[in-house]
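The values are calculated or read from the model by the stated rules, or taken from the named source; none is laboratory data. All values derive from a computational prediction rather than experimental measurement. As a convention, Cβ positions derive from the backbone with ideal geometry for all residues, glycine included, and neighbour counts pool all protein chains shown. Side chains included, ligands, DNA and RNA excluded: accessible areas come from the protein's heavy atoms. Shrake-Rupley method; radii C 1.70, N 1.55, O 1.52, S 1.80 Å.
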Amino acid sequence: MNIICAYPVNIDAVYNVQGEEISGLIISNMKIELKESIGSREDLLSSLLFCMQQGSGAEILIQSQAAARRIEESFSWQFRLGGNAGIMANVLAALGARPVLNAPALGPRLAGMLHAGVRVPVSGFREPDRAAGEQEMEHFVFQFKKGDAIHTGQSRMTAPSDNRFIATYDPVNTRLVSSRHFDSYCLENIRDFDGALLSGFHLAPFKEYREILPEKIAQIKSWKDKNSQIFIHAEMGSFQSPQIMQSLLRLLAKIPVDSLGLNEDELATAEGLSPGSLPARWKETMQTAERLRERLGIFRVAVHTRDYILSVMLKGKITAFEELFALKSGADAAAALAATGSATGQPPEEVNPVGLEAKEEFCRKGATAAGRGTFLQTGDEIISLMPSLLAKKPKFTVGLGDTATAVVFFHQLRAIKGNRI
(Lines give C-alpha, C1' and ligand atoms only; values in the text may rest on other atoms or scores of the structure.)
Protein backbone atom coordinates (compact mmCIF):
# COMPACT_ATOMS: atom_id res chain seq x y z
CA MET A 1 0.00 0.00 0.00
CA ASN A 2 1.26 3.46 -0.90
CA ILE A 3 0.36 5.99 1.80
CA ILE A 4 1.03 9.73 2.09
CA CYS A 5 2.12 10.84 5.59
CA ALA A 6 2.01 14.59 6.25
CA TYR A 7 2.80 17.07 7.68
CA PRO A 8 5.06 17.24 10.77
CA VAL A 9 8.20 15.27 11.55
CA ASN A 10 10.73 16.37 14.15
CA ILE A 11 12.92 15.24 17.02
CA ASP A 12 11.25 14.90 20.41
CA ALA A 13 13.50 15.95 23.27
CA VAL A 14 11.96 13.94 26.12
CA TYR A 15 12.29 14.73 29.82
CA ASN A 16 10.87 12.36 32.41
CA VAL A 17 9.60 14.70 35.11
CA GLN A 18 11.62 14.57 38.33
CA GLY A 19 9.66 16.04 41.22
CA GLU A 20 12.58 17.46 43.19
CA GLU A 21 14.16 19.06 40.12
CA ILE A 22 10.91 20.74 39.04
CA SER A 23 10.16 21.86 42.61
CA GLY A 24 13.56 23.58 42.74
CA LEU A 25 12.69 25.68 39.66
CA ILE A 26 9.33 26.98 40.92
CA ILE A 27 9.24 30.61 41.98
CA SER A 28 7.06 31.72 44.90
CA ASN A 29 3.41 32.59 44.22
CA MET A 30 3.54 31.07 40.73
CA LYS A 31 0.09 30.93 39.18
CA ILE A 32 -0.73 27.47 37.85
CA GLU A 33 -2.54 27.83 34.52
CA LEU A 34 -2.35 26.67 30.92
CA LYS A 35 -0.74 29.54 29.00
CA GLU A 36 -1.75 30.45 25.46
CA SER A 37 1.94 30.55 24.53
CA ILE A 38 5.30 30.21 26.28
CA GLY A 39 7.58 33.21 26.54
CA SER A 40 9.69 32.12 29.50
CA ARG A 41 10.65 29.15 31.66
CA GLU A 42 8.07 30.33 34.18
CA ASP A 43 5.32 30.08 31.55
CA LEU A 44 6.52 26.56 30.81
CA LEU A 45 6.42 25.50 34.46
CA SER A 46 2.98 27.07 34.98
CA SER A 47 1.56 25.10 32.04
CA LEU A 48 3.34 21.87 32.99
CA LEU A 49 2.03 22.07 36.56
CA PHE A 50 -1.50 22.69 35.25
CA CYS A 51 -1.33 19.53 33.13
CA MET A 52 0.10 17.50 36.00
CA GLN A 53 -2.58 18.81 38.35
CA GLN A 54 -5.33 17.82 35.90
CA GLY A 55 -3.68 14.66 34.58
CA SER A 56 -4.19 16.14 31.11
CA GLY A 57 -2.01 16.61 28.03
CA ALA A 58 -1.40 19.75 25.96
CA GLU A 59 0.91 21.19 23.32
CA ILE A 60 1.77 24.89 23.53
CA LEU A 61 3.90 26.99 21.19
CA ILE A 62 7.08 28.71 22.41
CA GLN A 63 7.21 32.39 21.39
CA SER A 64 10.88 32.75 20.48
CA GLN A 65 14.08 30.89 19.76
CA ALA A 66 15.67 32.52 22.83
CA ALA A 67 12.95 31.11 25.11
CA ALA A 68 13.37 27.69 23.47
CA ARG A 69 17.12 27.80 24.04
CA ARG A 70 16.64 28.60 27.74
CA ILE A 71 14.23 25.68 28.13
CA GLU A 72 16.67 23.37 26.33
CA GLU A 73 19.46 24.37 28.71
CA SER A 74 17.32 23.79 31.83
CA PHE A 75 16.79 20.02 31.53
CA SER A 76 18.50 16.79 30.52
CA TRP A 77 16.92 15.24 27.43
CA GLN A 78 16.53 11.90 25.70
CA PHE A 79 15.98 12.14 21.95
CA ARG A 80 13.34 10.21 19.99
CA LEU A 81 11.49 10.42 16.70
CA GLY A 82 8.63 12.91 16.95
CA GLY A 83 6.01 14.57 14.82
CA ASN A 84 2.69 12.89 14.07
CA ALA A 85 3.54 12.15 10.43
CA GLY A 86 7.01 10.83 11.23
CA ILE A 87 5.81 8.47 13.95
CA MET A 88 2.95 7.20 11.81
CA ALA A 89 5.22 6.68 8.78
CA ASN A 90 7.60 4.58 10.89
CA VAL A 91 4.72 2.43 12.19
CA LEU A 92 3.33 1.93 8.67
CA ALA A 93 6.72 0.97 7.26
CA ALA A 94 7.18 -1.59 10.04
CA LEU A 95 3.81 -3.10 9.08
CA GLY A 96 4.88 -3.48 5.45
CA ALA A 97 3.24 -0.44 3.88
CA ARG A 98 5.12 2.02 1.66
CA PRO A 99 4.76 5.44 3.31
CA VAL A 100 5.86 8.62 1.55
CA LEU A 101 6.83 11.20 4.18
CA ASN A 102 6.93 14.96 3.95
CA ALA A 103 10.24 15.92 5.60
CA PRO A 104 11.23 19.51 4.81
CA ALA A 105 13.64 19.70 7.78
CA LEU A 106 15.47 16.37 7.84
CA GLY A 107 18.81 16.46 9.62
CA PRO A 108 21.17 13.49 10.17
CA ARG A 109 19.89 12.65 13.67
CA LEU A 110 16.26 12.68 12.56
CA ALA A 111 17.02 10.65 9.42
CA GLY A 112 18.70 8.01 11.57
CA MET A 113 15.48 7.58 13.54
CA LEU A 114 13.33 6.80 10.49
CA HIS A 115 12.58 3.26 9.31
CA ALA A 116 14.48 2.34 6.14
CA GLY A 117 11.12 1.64 4.48
CA VAL A 118 10.02 5.27 4.78
CA ARG A 119 10.40 7.05 1.43
CA VAL A 120 11.36 10.73 1.28
CA PRO A 121 11.00 12.54 -2.07
CA VAL A 122 14.19 14.56 -2.61
CA SER A 123 15.01 14.85 -6.34
CA GLY A 124 13.69 11.31 -6.62
CA PHE A 125 13.25 8.82 -3.79
CA ARG A 126 15.99 8.35 -1.25
CA GLU A 127 16.32 6.40 1.96
CA PRO A 128 16.07 8.76 4.95
CA ASP A 129 19.80 8.85 5.74
CA ARG A 130 20.64 9.77 2.12
CA ALA A 131 17.96 12.49 2.03
CA ALA A 132 19.24 14.31 5.11
CA GLY A 133 20.29 17.95 5.10
CA GLU A 134 21.38 20.04 8.08
CA GLN A 135 18.16 21.52 9.51
CA GLU A 136 15.92 19.67 11.99
CA MET A 137 13.30 20.75 14.51
CA GLU A 138 13.07 19.82 18.21
CA HIS A 139 9.96 19.64 20.41
CA PHE A 140 10.27 19.51 24.21
CA VAL A 141 8.21 16.71 25.75
CA PHE A 142 7.65 16.46 29.50
CA GLN A 143 6.42 12.99 30.47
CA PHE A 144 4.85 12.52 33.88
CA LYS A 145 3.35 9.50 35.59
CA LYS A 146 0.50 8.93 38.00
CA GLY A 147 1.76 9.66 41.49
CA ASP A 148 4.55 12.06 40.46
CA ALA A 149 4.66 14.74 43.17
CA ILE A 150 5.70 18.40 42.99
CA HIS A 151 6.12 20.75 45.96
CA THR A 152 4.76 24.21 45.11
CA GLY A 153 5.60 26.48 48.03
CA GLN A 154 3.45 25.39 50.95
CA SER A 155 1.49 22.70 49.08
CA ARG A 156 2.17 19.36 47.41
CA MET A 157 0.65 18.42 44.08
CA THR A 158 0.33 14.83 42.82
CA ALA A 159 -0.46 13.84 39.21
CA PRO A 160 -3.70 11.77 39.10
CA SER A 161 -2.74 9.98 35.85
CA ASP A 162 -0.01 9.49 33.24
CA ASN A 163 0.27 12.08 30.49
CA ARG A 164 2.61 14.52 28.77
CA PHE A 165 3.05 18.23 28.12
CA ILE A 166 4.74 19.44 24.92
CA ALA A 167 6.39 22.83 24.36
CA THR A 168 7.18 23.58 20.73
CA TYR A 169 9.33 26.11 18.90
CA ASP A 170 9.19 25.00 15.29
CA PRO A 171 8.90 27.57 12.48
CA VAL A 172 8.80 24.76 9.87
CA ASN A 173 6.12 22.41 11.20
CA THR A 174 3.96 25.14 12.72
CA ARG A 175 3.51 26.46 9.18
CA LEU A 176 2.86 22.92 7.87
CA VAL A 177 5.66 23.45 5.37
CA SER A 178 5.96 20.78 2.70
CA SER A 179 8.96 20.33 0.43
CA ARG A 180 8.57 21.08 -3.27
CA HIS A 181 9.78 17.55 -4.06
CA PHE A 182 7.05 16.07 -1.85
CA ASP A 183 4.40 18.35 -3.36
CA SER A 184 5.28 17.56 -6.96
CA TYR A 185 5.75 13.83 -6.40
CA CYS A 186 2.38 13.40 -4.63
CA LEU A 187 0.45 15.37 -7.24
CA GLU A 188 2.10 13.64 -10.21
CA ASN A 189 1.67 10.14 -8.75
CA ILE A 190 -1.52 10.56 -6.74
CA ARG A 191 -3.37 7.80 -8.63
CA ASP A 192 -0.82 5.31 -7.28
CA PHE A 193 -1.67 6.12 -3.65
CA ASP A 194 -4.16 4.10 -1.61
CA GLY A 195 -4.40 6.43 1.38
CA ALA A 196 -3.27 9.63 3.08
CA LEU A 197 -2.73 10.04 6.82
CA LEU A 198 -2.77 13.73 7.73
CA SER A 199 -1.99 15.51 10.99
CA GLY A 200 -0.24 18.50 12.53
CA PHE A 201 -2.96 21.07 11.80
CA HIS A 202 -3.07 21.89 15.53
CA LEU A 203 0.43 23.40 15.29
CA ALA A 204 -0.76 26.33 13.16
CA PRO A 205 -0.44 29.54 15.25
CA PHE A 206 -3.49 31.72 15.79
CA LYS A 207 -2.05 34.74 13.96
CA GLU A 208 -1.33 32.73 10.80
CA TYR A 209 -3.85 29.89 10.56
CA ARG A 210 -6.12 31.75 8.11
CA GLU A 211 -3.21 31.77 5.65
CA ILE A 212 -1.79 28.31 6.41
CA LEU A 213 -4.86 26.05 6.55
CA PRO A 214 -6.56 26.98 3.24
CA GLU A 215 -3.28 26.37 1.40
CA LYS A 216 -2.93 22.87 2.87
CA ILE A 217 -6.60 22.05 2.30
CA ALA A 218 -6.24 23.08 -1.36
CA GLN A 219 -3.32 20.66 -1.68
CA ILE A 220 -5.28 17.78 -0.11
CA LYS A 221 -8.34 18.53 -2.23
CA SER A 222 -6.20 18.41 -5.37
CA TRP A 223 -5.23 14.85 -4.40
CA LYS A 224 -8.85 13.84 -3.86
CA ASP A 225 -9.95 15.49 -7.10
CA LYS A 226 -7.39 13.46 -9.09
CA ASN A 227 -7.94 10.20 -7.17
CA SER A 228 -11.44 9.91 -5.73
CA GLN A 229 -10.60 6.44 -4.33
CA ILE A 230 -7.83 7.62 -2.02
CA PHE A 231 -8.86 7.07 1.62
CA ILE A 232 -7.98 10.13 3.73
CA HIS A 233 -7.84 10.25 7.53
CA ALA A 234 -7.23 13.56 9.34
CA GLU A 235 -6.07 13.46 12.97
CA MET A 236 -6.73 16.37 15.29
CA GLY A 237 -4.59 17.66 18.18
CA SER A 238 -4.35 20.26 20.94
CA PHE A 239 -5.18 23.50 19.09
CA GLN A 240 -4.00 26.91 20.22
CA SER A 241 -7.58 28.17 19.90
CA PRO A 242 -11.01 26.50 19.44
CA GLN A 243 -11.53 28.91 16.56
CA ILE A 244 -8.72 27.22 14.61
CA MET A 245 -10.28 23.77 14.97
CA GLN A 246 -13.73 25.00 13.96
CA SER A 247 -12.25 26.61 10.86
CA LEU A 248 -10.31 23.46 10.01
CA LEU A 249 -13.36 21.20 10.35
CA ARG A 250 -15.30 23.37 7.91
CA LEU A 251 -12.43 23.14 5.42
CA LEU A 252 -11.97 19.37 5.84
CA ALA A 253 -15.65 18.81 5.11
CA LYS A 254 -15.20 20.50 1.73
CA ILE A 255 -12.58 18.01 0.49
CA PRO A 256 -14.17 15.87 1.94
CA VAL A 257 -11.87 13.73 4.07
CA ASP A 258 -13.15 10.22 4.76
CA SER A 259 -12.22 9.84 8.41
CA LEU A 260 -11.53 12.08 11.41
CA GLY A 261 -9.78 11.20 14.67
CA LEU A 262 -9.98 13.04 18.00
CA ASN A 263 -9.56 12.53 21.73
CA GLU A 264 -12.31 13.46 24.19
CA ASP A 265 -11.03 17.01 24.80
CA GLU A 266 -10.79 17.65 21.07
CA LEU A 267 -14.29 16.24 20.60
CA ALA A 268 -15.60 18.74 23.16
CA THR A 269 -13.85 21.56 21.28
CA ALA A 270 -15.39 20.38 18.01
CA GLU A 271 -18.78 20.56 19.73
CA GLY A 272 -18.12 24.17 20.77
CA LEU A 273 -17.49 23.25 24.42
CA SER A 274 -14.45 23.71 26.63
CA PRO A 275 -12.09 20.73 27.05
CA GLY A 276 -13.20 18.43 29.87
CA SER A 277 -16.80 19.66 29.78
CA LEU A 278 -18.24 16.55 28.10
CA PRO A 279 -19.42 13.97 30.65
CA ALA A 280 -16.81 11.21 30.88
CA ARG A 281 -19.26 8.53 29.78
CA TRP A 282 -19.15 6.47 26.61
CA LYS A 283 -22.78 7.17 25.73
CA GLU A 284 -22.32 10.96 25.58
CA THR A 285 -19.06 10.46 23.66
CA MET A 286 -20.87 8.25 21.14
CA GLN A 287 -23.75 10.69 20.68
CA THR A 288 -21.37 13.63 20.21
CA ALA A 289 -19.34 11.66 17.65
CA GLU A 290 -22.55 10.79 15.79
CA ARG A 291 -23.54 14.46 15.62
CA LEU A 292 -20.10 15.49 14.42
CA ARG A 293 -20.00 12.85 11.66
CA GLU A 294 -23.44 13.88 10.45
CA ARG A 295 -22.61 17.60 10.60
CA LEU A 296 -19.43 17.15 8.57
CA GLY A 297 -21.03 14.68 6.17
CA ILE A 298 -18.04 12.31 6.24
CA PHE A 299 -17.71 8.53 6.35
CA ARG A 300 -16.23 8.08 9.82
CA VAL A 301 -15.42 9.76 13.13
CA ALA A 302 -13.29 7.99 15.76
CA VAL A 303 -12.68 9.04 19.36
CA HIS A 304 -9.72 7.58 21.23
CA THR A 305 -9.65 7.87 25.01
CA ARG A 306 -7.46 6.33 27.68
CA ASP A 307 -10.18 3.71 28.28
CA TYR A 308 -11.41 2.78 24.80
CA ILE A 309 -11.58 3.65 21.10
CA LEU A 310 -15.05 4.39 19.74
CA SER A 311 -15.94 4.86 16.07
CA VAL A 312 -19.07 5.90 14.20
CA MET A 313 -19.07 5.14 10.48
CA LEU A 314 -21.39 4.64 7.57
CA LYS A 315 -21.99 1.16 6.17
CA GLY A 316 -20.32 0.24 2.89
CA LYS A 317 -16.53 0.54 2.97
CA ILE A 318 -15.68 -1.66 5.99
CA THR A 319 -17.64 -4.34 7.86
CA ALA A 320 -18.20 -4.12 11.60
CA PHE A 321 -15.82 -7.03 12.20
CA GLU A 322 -13.09 -5.43 10.06
CA GLU A 323 -13.46 -2.18 11.99
CA LEU A 324 -13.26 -3.95 15.35
CA PHE A 325 -10.15 -5.85 14.24
CA ALA A 326 -8.54 -2.56 13.20
CA LEU A 327 -9.46 -0.87 16.49
CA LYS A 328 -8.16 -3.81 18.53
CA SER A 329 -4.88 -3.88 16.59
CA GLY A 330 -4.39 -0.14 17.17
CA ALA A 331 -5.25 -0.29 20.86
CA ASP A 332 -2.93 -3.27 21.39
CA ALA A 333 -0.02 -1.58 19.58
CA ALA A 334 -0.39 1.57 21.71
CA ALA A 335 -0.52 -0.51 24.90
CA ALA A 336 2.57 -2.47 23.82
CA LEU A 337 4.44 0.80 23.18
CA ALA A 338 3.42 2.15 26.58
CA ALA A 339 4.39 -1.05 28.41
CA THR A 340 7.55 -2.09 26.57
CA GLY A 341 8.74 0.91 24.56
CA SER A 342 7.98 -0.86 21.27
CA ALA A 343 4.73 -1.03 19.31
CA THR A 344 5.65 -4.59 18.30
CA GLY A 345 6.32 -5.66 21.89
CA GLN A 346 4.10 -7.86 24.01
CA PRO A 347 1.00 -5.87 25.05
CA PRO A 348 -0.25 -6.14 28.64
CA GLU A 349 -3.06 -8.62 29.26
CA GLU A 350 -5.34 -6.66 31.59
CA VAL A 351 -8.28 -4.93 29.93
CA ASN A 352 -9.01 -1.38 31.03
CA PRO A 353 -11.88 -1.76 33.54
CA VAL A 354 -13.63 1.47 32.51
CA GLY A 355 -13.53 0.42 28.87
CA LEU A 356 -14.77 -3.05 29.77
CA GLU A 357 -17.67 -1.56 31.72
CA ALA A 358 -18.54 0.64 28.72
CA LYS A 359 -18.56 -2.44 26.48
CA GLU A 360 -20.84 -4.35 28.83
CA GLU A 361 -23.25 -1.44 29.15
CA PHE A 362 -23.31 -1.00 25.37
CA CYS A 363 -24.14 -4.70 25.01
CA ARG A 364 -27.03 -4.32 27.47
CA LYS A 365 -28.37 -1.60 25.19
CA GLY A 366 -28.44 -3.92 22.19
CA ALA A 367 -24.87 -3.99 20.83
CA THR A 368 -23.31 -7.28 19.74
CA ALA A 369 -20.20 -8.52 21.57
CA ALA A 370 -17.33 -9.62 19.33
CA GLY A 371 -14.19 -10.64 21.21
CA ARG A 372 -12.99 -7.79 23.41
CA GLY A 373 -15.14 -5.25 21.55
CA THR A 374 -18.72 -4.67 20.58
CA PHE A 375 -20.70 -3.05 17.75
CA LEU A 376 -24.20 -1.87 16.91
CA GLN A 377 -25.63 -1.49 13.41
CA THR A 378 -28.38 1.09 13.37
CA GLY A 379 -29.85 2.58 10.21
CA ASP A 380 -26.96 3.36 7.88
CA GLU A 381 -24.38 3.54 10.69
CA ILE A 382 -22.07 1.12 12.47
CA ILE A 383 -20.97 2.10 15.98
CA SER A 384 -17.97 0.18 17.34
CA LEU A 385 -16.31 0.24 20.77
CA MET A 386 -13.02 -1.40 21.71
CA PRO A 387 -11.70 -1.27 25.31
CA SER A 388 -8.01 -0.49 25.66
CA LEU A 389 -5.45 -2.52 27.57
CA LEU A 390 -4.00 -1.34 30.87
CA ALA A 391 -0.28 -0.51 31.01
CA LYS A 392 0.22 0.02 34.75
CA LYS A 393 3.85 1.18 34.60
CA PRO A 394 4.20 2.89 31.23
CA LYS A 395 7.62 3.52 29.77
CA PHE A 396 6.18 6.00 27.24
CA THR A 397 3.22 8.37 27.12
CA VAL A 398 4.28 10.08 23.87
CA GLY A 399 3.26 8.76 20.46
CA LEU A 400 0.62 6.34 21.74
CA GLY A 401 -2.22 8.00 19.85
CA ASP A 402 -0.16 8.28 16.65
CA THR A 403 0.78 4.60 16.90
CA ALA A 404 -2.82 3.50 17.42
CA THR A 405 -4.02 5.73 14.57
CA ALA A 406 -1.44 4.38 12.11
CA VAL A 407 -2.17 0.73 12.93
CA VAL A 408 -5.95 1.25 12.72
CA PHE A 409 -5.54 3.05 9.39
CA PHE A 410 -3.32 0.28 8.00
CA HIS A 411 -5.88 -2.43 8.74
CA GLN A 412 -8.79 -0.31 7.51
CA LEU A 413 -6.99 0.34 4.25
CA ARG A 414 -6.20 -3.36 3.84
CA ALA A 415 -9.91 -4.15 4.29
CA ILE A 416 -10.97 -1.48 1.81
CA LYS A 417 -8.41 -2.67 -0.75
CA GLY A 418 -9.31 -6.34 -0.38
CA ASN A 419 -6.60 -7.31 2.16
CA ARG A 420 -3.71 -6.64 -0.17
CA ILE A 421 -0.59 -4.86 1.10
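Here are the numbers for the structure shown:
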| read-out | value |
| --- | --- |
| Whichever residue in region 269-285 is more than 16 Å from the chain's Cα centre (by Cα) and buried (at least 21 other Cβ atoms within 10 Å of the Cβ) and, among such residues, is farthest from TYR308 (Cα to Cα) | THR285 |
| Yes/no for GLY330 being assigned to a helix (DSSP H, G or I), open to solvent by less than 20 Å² (accessible area, probe 1.4 Å) and either on the phi > 0 side of the Ramachandran plot or touching a Leu at 6+ places or on another chain (Cβ under 9 Å) (or both) | no |
| Residues of region 74-93 classified as open to solvent by 20 Å² or more (accessible area, probe 1.4 Å) and closer than 30 Å to ILE26 by Cα, total | 7 |
| Residue in region 123-143 that is at pLDDT 90 or above and out of contact with any strand residue (DSSP E or B) (no Cβ under 8 Å at 6 or more places or on another chain) present | no |
| Test: residue in region 47-65 that is in a helix (DSSP H, G or I), among the small types (Gly, Ala, Ser) and more than 23 Å from the chain's Cα centre (by Cα) | no |
| Selected residue (criterion: most open to solvent (accessible area, probe 1.4 Å)) from residues of region 358-381 that are at negative phi and in a loop (DSSP other than H, G, I, E, B) | LYS365 |
| Qualifying positions in region 310-326 - of a type outside the set (D, E, K, R), touching a Lys or Arg at 6+ places or on another chain (Cβ under 9 Å), open to solvent by less than 20 Å² (accessible area, probe 1.4 Å) and not in a loop (DSSP other than H, G, I, E, B) | SER311, VAL312, MET313, LEU324, ALA326 |
| Flag if GLU360 is farther than 29 Å from TYR15 by Cα and modelled with pLDDT of 95 or more | yes |
| Residue tally, condition of a type in the set (A, V, I, L, M, F, W, C), assigned to a loop (DSSP other than H, G, I, E, B) and surrounded by fewer than 17 Cβ atoms within 10 Å (Cβ to Cβ), over region 1-44 | 2 |
| Residue ID - farthest from the chain's Cα centre (by Cα), chosen from residues in region 15-44 that are farther than 22 Å from SER76 by Cα and without any contact (Cβ under 8 Å) to a residue 60 or more places away in the chain | LYS31 |
| Only one of ALA404, ALA336, ALA391 that is assigned to a helix (DSSP H, G or I), closer than 23 Å to ALA58 by Cα and either open to solvent by 10 Å² or more (accessible area, probe 1.4 Å) or touching a Lys or Arg at 6+ places or on another chain (Cβ under 8 Å) (or both) | ALA404 |
